[in-house]
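Student: Below is the structure I would like to discuss, written out as structure tokens.
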Amino acid sequence: MLYHNTLHPDIKVSLKEAVMTGIGIDNGLYMPDFIPVLPRAVINNIPGMSIIEIGYLVAGTLFDKVIPLDIVHSLVRESLTFRAPIKELETGRYVLELFHGPTGTVKDGGARFLSRMFSYYTRSEHGTDGAMNIIVATSGDTGAAVANGFASISGVNVFVLFPDGKLTEGQLRLFSMDKSVHPVAVRGSFEDCRRIVRETLNSSEIHSHYHIATANSLNIARILAQTIMFFHGYARLAAETDLSGKKIVISVPSGNLGTLTAGLIAKRMGLPVNRYISAHNINNAFCRYLDTGVYKPSPDTVTTISPALDVNNPDNYSRVMDLYGNSLEHLRKDVTGVSFPDIVVSETISRIERLKGYFLDPHSALAYSALSGLADDEVGIALATASPDRYSPKSKKGITAIRGNAPVKIARTLSAFRRVLEQINNPN
């Protein structure tokens with residue numbers, strides 16, 4: 001299967017090039033030329049499968065004849081080492097807990113899968129783990145998952161760019177524990193971090209000196225790996241309840257739209273979900289687009305209690321539109337957008353804790369809030385994408401002593417980050 005640049009569809013690359021470069025010309029993202037479809041008979045058997053078996057099926061279908069099947073199976077086994085249970089909180093309203101990985105977020109599975117795919121490609125090309133520099137922007141969750149996923153991969157430096165002063169002590173500790181991981185504090189916003197990542201990936205001068213790739217959702221392998229969790233969620237729901245006459249709705253907490261993109265690809269593969277809800281905080285450019293037909297990201301990002309979703313101009317918007325042939329009409333048939341202020345999210349957290357004794361983190365609560373508008377014939381799954389422990393009062397301390405690499409502060413420029421890159425790669 002070939003992969004095309006969303007901005008230049010005539011430019012085709014292999015899976016290996018799409019994964020190892022991350023993005024294409026003009027910051028275009030890679031998408032598969034076609035989405036393979038699972039037979040209905042196969043999907044009917046999914047409710048009896050384990051998460052690993054579902055991973056074998058989905059990943060084997062996506063990477064068929066591109067990566068040897070035994071390698072695909074090893075990628076799945078090493079990535080999905082944690083459970084992802086489904087729980088009914090109210091009648092017809094479920095949460096799928098995707099936060100039981102090592103860093104407590106939905107990003108763990110995809111990051112671990114991607115790190116092992118990087119390792120496979122570098123070994124197959126060089127006969128050993130090759131020297132590589134991974135760059136990633138984070139508002140907290142992605143950095144920890146990527147750092148953990150790549151920590152066991154030799155010959156890799158991971159640079160985690162985050163907005164200076166915006167992370168908790170607990171978040172920073174999670175990606176500061178390994179000598180190969182280098183926290184880089186950017187004097188600016190998360191948008192500045194993302195811009196530096198894109199500029200770095202597009203710099204031919206930097207690429208001529210260093211092997212640079214990204215592990216953000218910019219990388220198509222992370223997106224494809226996340227499709228497994230959507231099939232798993234359907235399987236657990238179908239195994240626990242009678243879905244006769246019911247339509248399945250999945251609510252996705254949305255920021256950079258990577259998880260939503262994975263869900264839409266899963267639907268294209270045959271996942272029997274009727275529609276998705278793209279749940280946003282007040283940074284809601286994509287939600288407004290679905291409502292008005294005008295895509296106009298706001299110039300400023302507003303800080304909310306769901307920081308991983310504080311994204312105004314989502315990178316994966318281009319992937320979503322590519323998947324739907326730039327047809328808003330077709331997209332609206334599959335996706336509904338909703339947006340909630342912090343007060344609504346806080347009320348949902350308090351209500352569910354009071355009534356059910358269950359704790360939702362702000363991102364998961366945002367998705368669960370969106371299930372309030374379900375029709376009588378719909379059953380809803382909200383993706384619980386982060387552990388509530390990550391957002392408990394104990395994690396709100398300021399950043400103090402860090403046991404791993406201390407953050408290196410840079411300005412908002414590519415040249416400043418390049419100096420950090422050179423310092424780490426050429427210590428003498």
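The values are calculated or read from the model by the stated rules, or taken from the named source; none is laboratory data. Everything numeric in this text was worked out from a predicted model, so none of it was measured. No Cβ is skipped: glycine too gets one built from the backbone with ideal geometry, and neighbour counts run over all protein chains shown. Accessible surface is based on the protein model in full, side chains and every heavy atom, while ligands, DNA and RNA are left aside. Shrake-Rupley method; radii C 1.70, N 1.55, O 1.52, S 1.80 Å.
Student: Is it true that some residue in segment 27-37 is open to solvent by 40 Å² or more (accessible area, probe 1.4 Å) and under 23 Å from Glu199 (Cβ atoms)?
Tutor: Quick first cut of segment 27-37, residues open to solvent by 40 Å² or more (accessible area, probe 1.4 Å) only: 27, 33-34, 37.
From what's left, under 23 Å from Glu199 (Cβ atoms): 27.
Checked segment 27-37: at least one residue is open to solvent by 40 Å² or more (accessible area, probe 1.4 Å) and under 23 Å from Glu199 (Cβ atoms).
Student: Something else about it: Restricting the search to segment 173-182, which residues are at pLDDT 75 or above and buried (at least 24 other Cβ atoms within 10 Å of the Cβ)? Spell out how you get there, then give the answer.
Tutor: First, pick out the residues of segment 173-182 that are at pLDDT 75 or above: 179-182.
Within segment 173-182, Val181, His182 meet the criteria.
Student: Give the residues of segment 75-87 that are assigned to a helix (DSSP H, G or I) and out of contact with any helix residue (DSSP H, G or I) (no Cβ under 6 Å at 6 or more places or on another chain), sorted by residue number.
Tutor: Listed by number, the list holds a single entry, Arg77.
Student: Which residues, taken from segment 263-299, are open to solvent by 30 Å² or more (accessible area, probe 1.4 Å) and aromatic (Phe, Trp, Tyr)?
Tutor: Of the residues in segment 263-299, the ones open to solvent by 30 Å² or more (accessible area, probe 1.4 Å) are 267-268, 272, 274-275, 282, 288, 291-299.
Scanning segment 263-299 gives a single hit, Tyr295.
Student: I need a count of the residues in segment 131-153 that are in contact with a His (Cβ under 7 Å, 6 or more places away or on another chain) and at pLDDT below 85.
Tutor: Taking segment 131-153 and keeping what is in contact with a His (Cβ under 7 Å, 6 or more places away or on another chain), we get 131-133.
Restricting the remaining residues to those that are at pLDDT below 85 gives 131-132.
Total meeting the criteria: 2.
Student: Please indicate, with yes or no, whether at least one residue in segment 91-107 is within 30 Å of Ser369 (Cα to Cα), in contact with a Ser or Thr (Cβ under 8 Å, 6 or more places away or on another chain) and basic (Lys, Arg).
Tutor: Scanning segment 91-107, I find at least one residue that is within 30 Å of Ser369 (Cα to Cα), in contact with a Ser or Thr (Cβ under 8 Å, 6 or more places away or on another chain) and basic (Lys, Arg), so the answer is yes.
Student: Please determine, by comparing only the residues of segment 63-99 that are in contact with a Pro (Cβ under 8 Å, 6 or more places away or on another chain) and at pLDDT below 95, which one is least open to solvent (accessible area, probe 1.4 Å).
Tutor: Step by step, filter segment 63-99, then rank; the result is Phe82.
Student: What do you reckon, is Ile343 surrounded by fewer than 19 Cβ atoms within 10 Å (Cβ to Cβ), modelled with pLDDT of 95 or more and of a type in the set (Val, Ile, Thr)? Steps first, answer last, please.
Tutor: On the way: surrounded by fewer than 19 Cβ atoms within 10 Å (Cβ to Cβ): yes; modelled with pLDDT of 95 or more: yes; of a type in the set (Val, Ile, Thr): yes.
In short, yes.
Student: Could you figure out which of (1) open to solvent by 10 Å² or more (accessible area, probe 1.4 Å); (2) closer than 14 Å to Phe150 by Cβ isn't true of Ala213?
Tutor: (1)
Student: Within segment 272-298, can you find the residues that are among the aliphatic types (A, V, I, L, M) and touching a residue at least 12 places away in the same chain (Cβ under 8 Å)?
Tutor: Once the filter is applied, which keeps residues that are among the aliphatic types (A, V, I, L, M) and touching a residue at least 12 places away in the same chain (Cβ under 8 Å), segment 272-298 yields Val273, Ile277, Ala279, Ile282, Ala285, Leu290.
Student: Just for helices (runs of 4 or more DSSP H) wholly inside segment 1-71: which have at least 1 residues that are among the hydroxyl-bearing types (Ser, Thr, Tyr) and free of Cβ contacts under 8 Å to residues at least 60 places away in the same chain?
Tutor: On the way: elements: 15-21, 40-45, 51-62.
The helices (runs of 4 or more DSSP H) meeting that bar are 51-62.
Student: Let me ask you something else. What are the residues in segment 264-310 that are outside any loop (DSSP other than H, G, I, E, B) and of a type outside the set (A, V, I, L, M, F, W, C), if any?
Tutor: Lys267, Arg268, Arg275, Tyr276, Ser278, His280, Arg288, Tyr289, Asp291, Thr292, Pro307
Student: On to the next question. Go through segment 160-195 and report how many residues are aromatic (Phe, Trp, Tyr) and within 22 Å of Gly109 (Cβ to Cβ).
Tutor: Residues of segment 160-195 that are aromatic (Phe, Trp, Tyr), as a first pass: 162, 175, 190.
Right, trim to within 22 Å of Gly109 (Cβ to Cβ) and you get 162, 175.
The number of residues fulfilling the criteria is 2.
Student: Restricted to segment 185-205, and to residues that are open to solvent by 30 Å² or more (accessible area, probe 1.4 Å) and touching a helix residue (DSSP H, G or I) at 6+ places or on another chain (Cβ under 7 Å), which residue is modelled with the lowest pLDDT?
Tutor: Asn202
Residues checked against (1) in contact (Cβ under 8 Å) with a residue 40 or more places away in the chain; (2) outside any loop (DSSP other than H, G, I, E, B); (3) of a type in the set (D, E, K, R); (4) surrounded by fewer than 24 Cβ atoms within 10 Å (Cβ to Cβ):
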| site | (1), (2), (3), (4) |
| --- | --- |
| His207 | no, yes, no, yes |
| Leu218 | yes, no, no, no |
| Ala221 | yes, yes, no, no |
| Ala225 | yes, yes, no, no |
| Arg236 | yes, yes, yes, yes |
| Leu243 | yes, no, no, yes |
| Val252 | yes, yes, no, no |
| Thr261 | yes, yes, no, no |
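Student: Scan segment 156-165 and give yes if some residue there is closer than 30 Å to Tyr56 by Cβ, free of Cβ contacts under 8 Å to residues at least 60 places away in the same chain and over 14 Å from the mean Cα position of the chain (by Cα), otherwise no. Lay out the reasoning, then the answer.
Tutor: Going through segment 156-165, the residues closer than 30 Å to Tyr56 by Cβ turn out to be 156, 158.
Those left that are additionally free of Cβ contacts under 8 Å to residues at least 60 places away in the same chain: 156, 158.
So of that shortlist, the ones also over 14 Å from the mean Cα position of the chain (by Cα) come out as 156, 158.
Checking segment 156-165: at least one residue is closer than 30 Å to Tyr56 by Cβ, free of Cβ contacts under 8 Å to residues at least 60 places away in the same chain and over 14 Å from the mean Cα position of the chain (by Cα).
Student: Still on this structure: Would segment 147-160 turn up any residue that is open to solvent by less than 10 Å² (accessible area, probe 1.4 Å), touching a strand residue (DSSP E or B) at 6+ places or on another chain (Cβ under 7 Å) and closer than 14 Å to Pro307 by Cβ?
Tutor: No - not one qualifying residue is present in segment 147-160.
Student: Sticking with this structure for a sec: Any residue at all in segment 96-111 that's more than 25 Å from Ile352 (Cα to Cα) and of a type in the set (A, V, I, L, M)? Break it down into steps so the answer makes sense when it comes.
Tutor: Just the residues of segment 96-111 that are more than 25 Å from Ile352 (Cα to Cα), to begin with: 102, 108-111.
Subsequent filtering for residues that are of a type in the set (A, V, I, L, M) retains 111.
Yes, the conditions are met somewhere in segment 96-111.
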